[in-house]
Amino acid sequence: MHPVRRQRLFIVLLIIAGAGLAVGLASYALRENINLFYPPAEIAEGKAPVGKRIRAGGMVLAGSVQRQPESLTVRFVVTDYQAELPVEYTGILPDLFAEGEGVVATGVLTEDGVFQASEVLAKHDETYMPPEVQHALDRSAEQARP
Amino acid sequence: MIPELGFFALILSLLLALALMVIPAAGVFAGNALLMRAARPLAAGQLVMVSISLALLTAAFLADDFSVAIVAAQSNTLLPSVYKFTAVWGGHEGSMLLWVWVMALWTLAVATFSKRLPLDMVARVLAVMGALGVGFIAFLLFTSNPFARLLPNPPLDGADLNPLLQDPGMVIHPPMLYFGYVGFSVAFAFAIAALWGGRLDATWARWSRPWTTAAWIFLTLGIALGSWWAYYELGWGGWWFWDPVENASFMPWLAGTALMHSLAVTDKRGLFKSWTVLLAIFTFSLSLLGAFLVRSGVLTSVHSFAADPSRGLFILAFLGVVVGGSLTLYALRAPAVASRSDFSALSREMLLLVNNVLLLVATLTVLSGTLFPLLADALELGKYSVGPPYFNAVFIPLMAVLLAFLGVGINTQWKRSRGNELRRLVLPAAIASLAIGVIFPWAYGGAFHIGVVVTMVLAAWVVLATLADLRHKLRHARGWWQGLRRLAPAYHGMVIAHIGLAITVVGVGLTSVYSEEQDVRMVEGSHAELAGYQFLLTDLSVRQGPNFVAQRGTVEVSHNGRPVATLYPEKRSYHARPGQLMTEAGIDPGLFRDIFVALGEPLEGGEAWAVRLQHKPFVRWIWLGALVMSIGGLIAALDRRYRPARREAVDRADAQTGPRHPVVTSTPAEQH
C-alpha cells in the first residue's frame, strides 16, 4: 500500500477505535448508572423495582415530617395526590426542603414499601419546581379530572 | 425613559451587527476594499451600542427602578450595592445581555488586533462574527427583552437576588465563563473565513492560536471559579457534581483543549487541516449547545432559569443554522484541501492525534450522558437521570490514559522520534513516578490505596516527563537561566500549563480518596472529633446582616489540644425571600487541607443543630492547578510568534524547532 494511504488508513482506524471506545464505555456505564424516575402512583401500583436504585418524588405531605430524637434520621411522605410514599433519610436535608414543596429523592425501595433515600434534592429557588415532579402532578391532575 | 433608551441602543446594535455581517462580505465578493474596511468601525459601533445598553440596565439596577421587570425580580432596596451591580447578570435576560456584550467585545478585539492580517481575511472573520452577533442580539430582543417594564403599577420593592448568587464568586464567575464560551467564536470565525476564502493553510491556524488559547484561559478560570463557588456556597463541600450545566461548560473546554493541540500541529507542520477546522466548528457548537441547555429550561439543574419554550426553540434553530451552515461549507470546501502525511507512528503528530482522539472521546461520553435523559424523555422512554457514577466510570479511565500519553508526547519530536532515544529520555521519569506513586499512600495515609497510587503516578509522570524534556532542551545551554531565556514563551507556557494539570489531578484524586465527613447533632458545648481534629460548638447566636438574619454557630477547632481556627458557620434567612434558607459554611482553608463546618438544620426547635463536619485534604489544589494552567496559557498566548508579521517566512527559530531536530528549520509557510 502507498505509505500515505497506509497512514490515512491508520488514522481512520484510530478514530474509529476511539469512537467505538466512546460508544462502548458510554453504553456500558449508562446501563449500570441511570436512575429511572417513578411518581408515587406508579410505585403504589407496584411498577417500581424493589432493591434497585431509582428516583422518586412529589410534594412533601404537610404534617408528615418526623424527626427521630438524638439522631439525624427523618421520615416524611411524598405524594402526587393519587398515592403516598413514605421516605426515610439520614443526614442533612437541603435548605429548601419543606412541607408542601416538591422534592426528588434518589434511593432504593425496600420490601416493606419504604423508600430509603440516599440523596434528597429540593428546588433551588422559591419559584422553581423539579420538572419530574411537575410532570407527575400534571398527570395526576389530568387523571383526577374526568 | 432610560430603559427605553437602553432598548433603543440594543436595536441600533442589531442594525450595526447586520451591517457588519453584510457590508464586509459584499466587499469581499465585489473585491471592494472600501467596503471591507467598514468592518472595523462597524465592530466598534456595535460594541458602543451594546455597552450603552448594558450601562443603562446597570443604572436601572443601581437606582432601584422596579418598573423594570428584571430589576423587580432580581433586586431589592436592601441589597448591598455590589450585588445590585452583579444582579444585572443574575437572571436570564441580563446575563444574555452580558453575553451579547462579551460577543461585541471579542469582535472589536479581533478588529483591533488583526491590523497585520490581509484585509479580505479580516473582512471575512468579522462578517462571520457579525452574523453571530445578529443571532445573539435578535435572541435578546425577540425572546428576552431585559428592559421589559411592569407598568403602570410597578412594585414598591424587588423580590431580591437569589441568595445563592449573593456572593463574591458570582461577581466574576459568569463573565469569565461567557468570555470563554464566546471566545471560541473567534476560532470558529477564523475557520469559517479560511474555508470561505479557500485559504486553508497553516496561516489561519497560526492567527487563531492566541485567540483560542485566550478563550480557553477564560473558560478554565470560569469553570474553576464555578467549582470553587459550589464548594463553599452550594454543595456542602462538593466541588463537581456532573450537573448538566457544569457539563455544558466542560464539554467546550475539553473540545477547546483538543483544538489548541491540533492547532499546534496545523500551525507547525501544516497537517490535520480539515480536522482542525472541524474541531473549531465543533467546539463553538458545544458552546452554543451549552447555552441551549441552560436557557431552554429542559434540565433539572441549579442553573435552570425559568422555562420558556420559545427561547429554547430560538437557540435550537440558531444552533441548527450554525452547525448546518458551517458543515455544508466544510463539505463543499474541505475536499479541495490537499493533505500530506509524512510522519511516522512514533512522532509528536501521532501523539497529538492520540490526545485529540482521547479528548474527543471524553467529550462525546460526557455529551451522551448529558443528553441521554433529554432523548429518553423526548422518545417517551421514561424520566431518567444520569448521575456521577456514570461520568466517573467513563471519564476517569480516559483521563488516566491521556495523562500516560502526555508524558510520552512531550518528549517526542515532529515527524519521527527514535524509539531508543525516547526511551532514554523518559525512562528515569517513569521509574521515579512509579516510586513516588507507590510510596505516597504509605507515607501520607499509612495504607495502600490504588486510587492514590494511580493519581500520584500519573501526576508525577506528567511533571517529571515535562521536566525531562525541559532538561533535554537545556543540555547545550551554558547555564540554566540563559537556556530558559532562550526557549520560546509558548514552550514555557506549555510546561507551566501541564504542571498545572498535574496539580489539579493531585487535588481531584487525593480529595476524593482522603476526604472525611460526618453529620453530627450538636448543642451548645457539644464536642465532636473528625480526622484528628476536635470541634467544640461554643455558642449559638443570631446575627443581623444587611438584608438577612442569620443563626450563627461558633465552632472552636483544635488539633491535639492546640487551637487551629474559630469558624462561624451560618444559616441565613433573607428578608425578601423568607422561604429560602441559605447555608454559609465556616471554612478554615489551607494548602494541604480544608476544615469545613456547615450548619445543617435546626433540631428540637433550634436547641440543637445537625452539623456537617468535613476534612478535605488537598482540595485547593484543584483550583490552584486551574490557575496555573491559565497562567501557562497566558504566557503561551502572549508569544510574539503568533502575532503575524508582514513577512511570515522570517520566523524566530523557536524551542520546538531548536537544536534537537535540526531537520525542521523551515516554517510551515515555506513547506507549501
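If you filter region B:566-620 down to residues that are more than 31 Å from the chain's Cα centre (by Cα) and assigned to a loop (DSSP other than H, G, I, E, B), you find that the one that is nearest to residue B:505 (Cα to Cα) is B:568.
Under the condition of being of a type in the set (A, V, I, L, M, F, W, C) and assigned to a strand (DSSP E or B), the residues counted in region A:48-73 number 4. Of all residues in region A:15-47, exactly one satisfies the criterion of being assigned to a loop (DSSP other than H, G, I, E, B) and either at pLDDT below 80 or surrounded by 21 or more Cβ atoms within 10 Å (Cβ to Cβ) (or both), namely A:39. Selection of region A:101-146 for residues being modelled with pLDDT of 70 or more, more than 13 Å from residue A:60 (Cβ to Cβ) and within 10 Å of chain B (Cβ to nearest Cβ) yields A:106, A:119, A:132, A:134, A:135, A:136. Being within 13 Å of another protein chain (Cβ to nearest Cβ) and modelled with pLDDT of 85 or more is not true of residue A:79.
Scanning region B:417-431 for residues that are part of a helix (DSSP H, G or I) and touching a residue at least 12 places away in the same chain (Cβ under 8 Å) turns up B:419, B:422, B:425, B:426, B:428, B:429, B:430. Scan region A:65-97 for residues that are farther than 15 Å from residue B:600 by Cβ and crowded, with 19+ Cβ neighbours inside 10 Å and jot them down. Listed by number, the residues that qualify are A:76, A:77, A:78, A:79, A:80, A:82, A:85, A:87. Of the residues in region B:393-406, none is under 25 Å from residue B:348 (Cα atoms), outside any helix (DSSP H, G or I), in contact (Cβ under 8 Å) with a residue 12 or more places away in the chain and among the β-branched types (Val, Ile, Thr). Could you pull out the residue among B:180, B:158 that is part of a helix (DSSP H, G or I), in contact with a helix residue (DSSP H, G or I) (Cβ under 9 Å, 6 or more places away or on another chain) and not β-branched (Val, Ile, Thr)? On inspection, the qualifying residue turns out to be B:180. Here residue B:155 fulfils each of the conditions (1) under 24 Å from the mean Cα position of the chain (by Cα); (2) more than 14 Å from chain A (Cβ to nearest Cβ); (3) over 30 Å from residue B:206 (Cβ atoms); (4) surrounded by fewer than 20 Cβ atoms within 10 Å (Cβ to Cβ) apart from (1). Among the residues examined, residue B:381 qualifies as assigned to a loop (DSSP other than H, G, I, E, B), among the aliphatic types (A, V, I, L, M) and farther than 30 Å from residue B:266 by Cβ.
For residues in region B:340-395 being charged (D, E, K, R) and more than 9 Å from chain A (Cβ to nearest Cβ), which is farthest from the chain's Cα centre (by Cα)? Here the answer is B:380.
Kindly indicate whether residue B:13 is touching a Lys or Arg at 6+ places or on another chain (Cβ under 6 Å), buried (at least 16 other Cβ atoms within 10 Å of the Cβ) and either assigned by TED's automatic domain parsing to the domain that holds residue B:121 or in contact (Cβ under 8 Å) with a residue 60 or more places away in the chain (or both).
Numbers: touching a Lys or Arg at 6+ places or on another chain (Cβ under 6 Å): no; buried (at least 16 other Cβ atoms within 10 Å of the Cβ): yes; either assigned by TED's automatic domain parsing to the domain that holds residue B:121 or in contact (Cβ under 8 Å) with a residue 60 or more places away in the chain (or both): yes.
Considered against the rule, which asks whether it is touching a Lys or Arg at 6+ places or on another chain (Cβ under 6 Å), buried (at least 16 other Cβ atoms within 10 Å of the Cβ) and either assigned by TED's automatic domain parsing to the domain that holds residue B:121 or in contact (Cβ under 8 Å) with a residue 60 or more places away in the chain (or both), residue B:13 comes out as no.
Being within 14 Å of another protein chain (Cβ to nearest Cβ) and either among the hydrophobic types (A, V, I, L, M, F, W, C) or assigned to a helix (DSSP H, G or I) (or both) is true for just one of B:495, B:453, B:513, B:520. Which residue is that?
B:520
Do the conditions hold for residue B:546, that is, is it on the phi < 0 side of the Ramachandran plot, out of contact with any Ser or Thr (no Cβ under 8 Å at 6 or more places or on another chain) and either in a loop (DSSP other than H, G, I, E, B) or acidic (Asp, Glu) (or both)? Judged against the criteria, residue B:546 is a match.
All conditions in (1) farther than 30 Å from residue B:555 by Cα; (2) at pLDDT 75 or above hold for residue B:590, with the sole exception of (1). On the stretch given as region B:523-542, residues that are more than 12 Å from residue B:554 (Cα to Cα) and either more than 39 Å from the chain's Cα centre (by Cα) or within 14 Å of chain A (Cβ to nearest Cβ) (or both) total 2. Every listed requirement among (1) closer than 30 Å to residue B:279 by Cα; (2) surrounded by fewer than 21 Cβ atoms within 10 Å (Cβ to Cβ); (3) not basic (Lys, Arg) is met by residue B:369 save one, (2). Among the residues of region B:455-485, those that are surrounded by fewer than 18 Cβ atoms within 10 Å (Cβ to Cβ) and in contact (Cβ under 8 Å) with a residue 24 or more places away in the chain comprise B:467, B:472, B:476.
The values are calculated or read from the model by the stated rules, or taken from the named source; none is laboratory data. Since the model is a prediction, treat every value here as computed from it, not as a measurement. We place every Cβ from the backbone using ideal geometry, glycine too, and count neighbours over all the protein chains shown.
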